[in-house]
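> Please find one structure pasted underneath; my questions will follow.
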Amino acid sequence: MLRLNMERLKGKVALITGGARGLGASIAKHFSNEGAKIILCDINTDLANKMANELGGKAYYVDVSNSKNVEETFSKINSEFNRLDILVNNAGINGFENRQYLLDERIKVNNHQSKEFSETGKIKSHFDVTVNLSDEDWHKMIGIHLNGTFFCTREALKIMNNQESGSIINMGSVLGTTGGPSSPHYSAAKAGILGFTRATARELASRNIRVNAIAPGYIDTEMTTHLGDVKKIVMSATPMKRFGDVEDIAWAAVYLGSDESKFVTGQTISPNGGFVMSQ
C-alpha cells in the first residue's frame, strides 16, 4: 500500500526501463505518487501503455539491448520533455525464460542437494550451468542487463549533462556480489552494473549527476516464481525469514531519486533481509 503523498519528486521527469510490471511498475507508481512525471520504456507496449495511462505518463517501446533503438527513443523523449531528472535502469531477464527444462533441472538438483546435505553433510548432485551455457544465452543476458544499462545511461547523459543535474539508479542484485551458482551470466552482468555505477559516479559527480545502484535480495516477483522449493532454502538463510516485496525496492528508489539523497553517489543500497550483510 502506498503511503501519504509527500511530493518528494514533484516536477521531476523520471524514466523507468522495464517499467510495465514487477519492480519497474512498483517504482513507477511510487514515483508518480511522489509527484514525478512518468516515462515508461518497455518491450511490452500494451502493458506499458496501460500503466502509463493509469499514472498520467507516457510509454515508449524500447529494446535496451539495441543501441540504435535506445538512441532514437531517448531523442524523442528529449524533444517532448526537454529534460530528464531520473533514470532507472531496471529492464532485465532472469535467464530462464522459455527454458522450462533448465528450471526443472535446477529445482531437481537443488532439492537433491538439500536432501544430501541434511542427511550426510555433503553434496554430490551438481547443476552444470557454465559448461552448458550457450553463446546466445550469455550474450542475451549481458546485452539486456549490462549493455542496456550502458546504452540508456549514455543517452540520458546527453540530456543530463546540459542540465548539470540528474539521478541515475541502476538495478543490480545481491548475486552481483555473492555470485549465483546456477546463474553465472546473470551474476556477471549484475557485477558489471555495480562496477559501472561506481565508475560513472566518479566521472559525473562534478556535474551534479548522481549514480547509485540498488542490489535487491530475493523479491517476490515473476522473476522468482521459478524457484519452487529453493525458496524455502533462501528464506532459511535470510535473517528476516521472508522474501522482500516490490515496495521494499520502490522506496529505496524514491530515496535515491529525491533530494534527500543529494550527497549520495557511487553507493549500492541492498534491501535483502540480511541475506547479505556488508561490513
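> Using the number of other C-beta atoms within 10 angstrom as an exposure proxy, rank VAL246, VAL88 with the fewest first. Before the final figure, lay out the partial values.
Working: VAL246 20, VAL88 27.
Final ranking by Cβ density, sparse to dense: VAL246, VAL88.
> Sticking with this structure for a sec: Any idea how far apart ASN66 and ARG154 come out in nm if each label point goes 7 Å out from Cα toward Cβ?
The modelled label-to-label distance comes out at 1.6 nm.
> How high is the FRET efficiency between ALA205 and LYS241 when r is their beta carbon distance and R₀ equals 51 Å, given to the nearest 0.05? Don't skip to the end; give the middle numbers.
Working: r = 38 Å, r/R0 = 0.75.
Working from the Cβ atoms, E equals 0.85.
> Determine which lysines satisfy two conditions relative to LYS50: a Cα distance under 18 Å, and not lying fewer than 8 residues away in the same chain.
LYS29, LYS37, LYS58
> Give, in nm to one decimal, the length gained when the segment between MET277 and LEU47 is fully stretched (0.36 nm per residue of separation minus the Cα-Cα distance). The partial results should precede the final answer.
Values: separation 230, 0.36 × 230 = 82.80 nm, distance 3.57 nm.
Extra length available between MET277 and LEU47 comes to 79.2 nm.
> Can you tell me the Rg and Dmax of segment 148-194, counting just the alpha carbons, in angstroms?
Over segment 148-194's Cα set, Rg and Dmax evaluate to 13.6, 43 Å.
> Treating cross-link reach as a plain straight distance, find the lysines whose alpha-carbon is under 19 Å from the alpha-carbon of LYS108, omitting any fewer than eight places away in the same chain.
LYS122, LYS124, LYS231, LYS232
> Now a separate question. Can you work out the FRET efficiency for the pair THR178 and LYS262, with r the C-beta to C-beta distance and R0 = 22 Å, to the nearest 0.05? Kindly include the intermediate steps, with their values, before the conclusion.
Numbers: r = 30 Å, r/R0 = 1.37.
My answer for the efficiency is 0.15.
> Let me ask something additional. To make sure I understand the rule: partners must be lysines, Cα under 17 Å from the Cα of LYS262, and not fewer than 8 residues away in the same chain. Which ones qualify?
Correct list for LYS262: LYS10, LYS12.
> Continuing with this model, one more query. Between LEU133 and ASN94, what length comes free when the chain is fully extended (0.36 nm per residue of separation minus the Cα-Cα distance, one decimal in nm)?
Working: separation 39, 0.36 × 39 = 14.04 nm, distance 1.38 nm.
Length gained, LEU133 through ASN94: 12.7 nm.
> Grab the beta carbon distance between GLU164 and ASP220, set R0 = 45 Å, and tell me the FRET efficiency rounded to 0.05. Display every interim value, and only then the final one.
Numbers: r = 39 Å, r/R0 = 0.86.
Step by step, r from the Cβ atoms, then E = 0.70.
Each value in this text was obtained by applying a stated rule to the coordinates, not by laboratory testing. Every value quoted in this text rests on a predicted model; they were computed, and no experiment measured them. Note that each Cβ is placed from the backbone with ideal geometry, even for glycine, and that neighbours are counted across all protein chains shown.
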